[in-house]
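Visitor: Have a look at this one before I ask anything.
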Amino acid sequence: MIDSLKIGFFGSSKVSIYVLDELKKAGLIPALIITTPDRPQGRGMKMAPNVVKTWAAENNVRALDPEKLDDDFASMLEKEACDLFIVASYGKIMPAGIVNMPKHKTLNVHPSLLPRYRGAAPLPTTILDDTKDTGVTIMRMDEKMDHGPIVAKKEITIAEWPTYEVFEEMMAREGGKVLADCIPAWIRSTLKEIEQNHSLATFTKKIKKEDGLLDLAADPYMNFRKIQAYHEWPQAYFFAEKGDKKARVKVTAASFRDDKLHIEKVIPEGGREMGFSDFLKGYKMI
């Protein structure tokens, strides 16, 4: 049954790649990948495919990149006759008609223990909240955001906070493994769905660039968590002075030891990455 299973995969980011890698290891390569259209990238702003479309090409999987999930696309997708859809960091709202299209419906990989941390930014919010007892959830999607019944979950405890990129990959790969493990039982209808306790739901907000501003006179552990949570984007920053000019300074590496924040590397506005001790020789903290 697994050998003949036709999977359609929706994704558009590095998280999607990590999940796809784990599915591939389990022999569950999708027959079709749905991702987002090419976008201008790099200094030259040339049109280029995202990482998911690149993965699809490298693994000889056909990829579709609709601008909209409209009725025309839904009609075309229905003709593909997929048995199961999987969604991992796709980034678009999916209509109920598509979510419920396959025989075995649509499973979503979510990097938190639902119903906690629904929404756009579960991973950075987990770091910011210092929620070290976390995990991943496999959910059957319904028409609402992160609302559907739970199919499987795995609890994960974090000893100390890595940078966002490391945390993201770890959680995505764990989610991919849990997903791969549960698919055989799911298509045999031997997995029991568990309704989420919606009264316990918490929601995350979309991260904004200004969220990365550090108050270095405030809680040092909170500042450390902000540096780790925003390490990829928008990057934590503070302001310093050089001569009569005020500069924005990004923090690229830090640690937390002996109840103190230790800034290790920074990038001053318009400059290159440097050690924090060298930075202090030319800049004045505000």
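Visitor: Hey, got a sec? Which trypsin sites (Lys or Arg not before Pro) in the stretch 184-286 land in a DSSP loop and have at most 13 other Cβ atoms within 10 Å? Walk me through the intermediate numbers first.
Guide: Numbers: sites: 188, 192, 205, 206, 208, 209, 225, 226, 242, 245, 246, 248, 250, 257, 260, 265, 272, 281, 284; in loops: 188, 192, 205, 206, 208, 272.
The qualifying sites are 188, 192, 205, 206, 208, 272.
Visitor: With a ≥ b ≥ c taken as the square roots of the eigenvalues of the C-alpha gyration tensor of the stretch 172-215, please select rounded if a/c is under 1.5 and otherwise prolate if a/b is larger than b/c or oblate if it is not?
Guide: Values: a/c = 4.97, a/b = 2.02, b/c = 2.46.
Judged from the Cα gyration tensor, the stretch 172-215 comes out oblate (a/c at least 1.5, b/c at or above a/b).
Visitor: Using unit Cβ charges (K, R positive; D, E negative) and no other charged atoms, how large, in debye to the nearest 20, is the dipole of the stretch 1-144 about its Cα centre? Numbers along the way, then the final one.
Guide: Values: 19 positive and 18 negative charges, 52 e Å.
Magnitude of the dipole: close to 260 debye.
Visitor: Continuing with this model, one more query. Please list, ordered by chain and number, the residues whose modelled amide H lies under 5 Å from the amide H of residue 152; skip anything fewer than 5 residues away on the same chain.
Guide: Those lying under 5 Å, H to H, from residue 152 are 138.
Visitor: Applying the Karplus parametrisation 6.51 cos²θ - 1.76 cosθ + 1.60 with θ = phi - 60° to the phi angles of the stretch 66-78, what ³J(HN,Hα) value in whole Hz is obtained for each residue in order, glycine and proline being reported as x?
Guide: Result, ordered by residue: x, 5, 9, 8, 8, 4, 5, 5, 4, 5, 5, 5, 4 Hz.
Visitor: If all Cα-Cα distances of the stretch 142-286 are sorted into 5 Å bins from 0 onward, what percent lands in each bin, rounded to whole numbers?
Guide: Whole-percent P(r) values from 0 Å outward: 2, 8, 14, 16, 15, 12, 9, 8, 7, 5, 3, 2, 1, 0.
Visitor: Identify the chymotrypsin sites (Phe, Trp or Tyr not before Pro) of the stretch 153-190 meeting these criteria: DSSP loop state and at most 12 other C-beta atoms within 10 Å of the C-beta.
Guide: Values: sites: 164, 167, 186; in loops: none.
Sites meeting the loop and neighbour criteria: none at all.
Visitor: Using r as the Cβ-Cβ distance of residue 189 and residue 165, and R0 as 25 Å, what FRET efficiency do you calculate, to the nearest 0.05?
Guide: Rounded to the nearest 0.05, the efficiency is 0.10.
Visitor: Just grab the label-to-label distance for residue 121 and residue 25, each label 7 Å out from Cα along the Cβ direction, in nm (one decimal).
Guide: 3.0 nm
Visitor: Given the rule -39500 (n - 2.57) for each run of at least 4 DSSP H residues, summed and divided by the residues of the chain, what is its mean residue ellipticity at 222 nm, to the nearest 500 deg cm²/dmol?
Guide: Working: 8 runs with 80 residues, N = 286.
When only DSSP H runs of four or more count, the value is -8000 deg cm²/dmol.
Visitor: Any idea what the dipole of the stretch 61-144 comes to, in debye rounded to 20, about its Cα centre with Lys/Arg Cβ at +1 and Asp/Glu Cβ at -1? Please report the intermediate quantities before stating the final value.
Guide: Working: 11 positive and 13 negative charges, 55 e Å.
Dipole about the Cα centre, nearest 20: 260 debye.
Visitor: For the residue pair residue 38 and residue 285, what label-to-label distance in nm results when each label sits 7 Å from Cα along the Cα-to-beta-carbon direction?
Guide: A separation of 4.8 nm, rounded to one decimal place.
Visitor: Starting from 0.36 nm per residue, how many nanometres of slack lie between residue 54 and residue 198 once their C-alpha separation is accounted for?
Guide: Values: separation 144, 0.36 × 144 = 51.84 nm, distance 3.74 nm.
Fully extending the segment from residue 54 to residue 198 adds 48.1 nm.
Visitor: Dipole of the chain, Cα-centred, from +1 at each Lys and Arg C-beta and -1 at each Asp and Glu C-beta, to the nearest 20 debye? Could the numbers behind the result be given before it?
Guide: Numbers: 42 positive and 41 negative charges, 97 e Å.
The dipole magnitude comes to about 460 debye.
Visitor: Here is a follow-up. Tabulate in residue order the Karplus-calculated ³J(HN,Hα) for the stretch 9-22, using 6.51 cos²θ - 1.76 cosθ + 1.60 with θ = phi - 60°, rounded to whole Hz; enter x for Gly and Pro.
Guide: 10, 10, x, 8, 9, 4, 4, 4, 4, 5, 5, 4, 4, 5
Visitor: To the nearest 0.05, how large is the calculated FRET efficiency for residue 205 and residue 4 if R₀ is 51 Å and r is the Cβ-Cβ distance? Write out the running numbers ahead of the final one.
Guide: Details: r = 42 Å, r/R0 = 0.83.
Computed FRET efficiency for residue 205 and residue 4 comes out at 0.75.
Visitor: State the antiparallel share, in %, of DSSP beta bridges confined to the stretch 57-216, rounding to the nearest 5. Each step should come with its number before you reach the end.
Guide: Numbers: 12 of 17 bridges.
Counting only bridges with both partners in the stretch 57-216, antiparallel ones make up about 70 percent.
Visitor: Another question, if that's okay. Excluding same-chain pairs closer than 8 in sequence, count the lysine pairs in the stretch 1-88 whose Cα atoms lie under 17 Å apart.
Guide: Details: 6/24; 6/25; 6/79; 14/24; 14/25; 14/53; 24/53; 53/68.
Lysine pairs, 8 or more places apart or on different chains, close enough: 8.
Visitor: Here's another thing I want to ask about it. Rolling a 1.4 angstrom probe over the protein chains, ignoring ligands and nucleic acids, what is the accessible area of residue 244 in square angstrom, nearest 10?
Guide: For residue 244, solvent-accessible area is about 140 Å².
Visitor: Amide H of residue 64: which non-local residues (sequence gap of 5 or more, or other chain) have their own amide H closer than 5 Å, using H built in the peptide plane?
Guide: Answer set, sorted by chain and number: 33, 34, 35.
Visitor: How big is the stretch 13-129 by the Kirkwood estimate over distinct Cα pairs, in Å?
Guide: Working: mean 1/r = 0.0636 Å⁻¹.
Result for the stretch 13-129, one decimal place: 15.7 Å.
Visitor: A further question follows. Through the Karplus equation 6.51 cos²θ - 1.76 cosθ + 1.60, θ set to phi - 60°, convert the phi angles of the stretch 169-174 into ³J(HN,Hα) values in whole Hz; use x for Gly and Pro.
Guide: Once θ is set to phi - 60°, the couplings for the stretch 169-174 become 5, 4, 5, 5, 5, 4 Hz.
Visitor: Assuming a ≥ b ≥ c are the square roots of the Cα gyration tensor eigenvalues, decide whether the stretch 62-194 counts as rounded (a/c under 1.5), prolate (otherwise, with a/b larger than b/c) or oblate. It would help to have the intermediate numbers written out before the result.
Guide: Working: a/c = 2.17, a/b = 1.60, b/c = 1.36.
Prolate.
Visitor: Of all GluC sites (Glu not before Pro) in the stretch 2-82, which ones are in loop regions per DSSP and have a Cβ with at most 11 other Cβ atoms within 10 Å? Working shown, then result.
Guide: Numbers: sites: 22, 58, 67, 78, 80; in loops: 67, 80.
Counting only loop positions with at most 11 other Cβ atoms within 10 Å, the GluC sites (Glu not before Pro) in the stretch 2-82 are 67.
Visitor: Give me the tail of P(r) for the stretch 211-286 as a percent: Cα-Cα pairs with distance above 15 Å. Let's see the in-between values first.
Guide: Working: 1438 of 2850 pairs.
The calculated P(r) of the stretch 211-286 puts 50 percent of pairs beyond 15 Å.
Visitor: OK, next. Around residue 147, which amide H atoms from residues at least 5 apart in sequence, or from another chain, sit under 5 Å from its own amide H, with H modelled in the peptide plane?
Guide: Answer set, sorted by chain and number: 142.
Visitor: Please say if the stretch 7-77 is rounded, prolate or oblate, where rounded means a/c under 1.5 for a ≥ b ≥ c the square roots of the C-alpha gyration tensor eigenvalues, and otherwise the choice is prolate for a/b larger than b/c and oblate otherwise? Present the calculation step by step, with values, prior to reporting the outcome.
Guide: Values: a/c = 2.30, a/b = 1.13, b/c = 2.03.
Oblate, because a/c is 1.5 or more while a/b does not exceed b/c.
The values are calculated or read from the model by the stated rules, or taken from the named source; none is laboratory data. Keep in mind that what you see is a predicted model, and the values were worked out from it rather than measured. Counting neighbours? That spans all protein chains shown, and the Cβs are built from the backbone with ideal geometry, glycine included. Please note that ligands, DNA and RNA were not included when accessible areas were found on the heavy atoms of the full protein model with its side chains. Shrake-Rupley method; radii C 1.70, N 1.55, O 1.52, S 1.80 Å.
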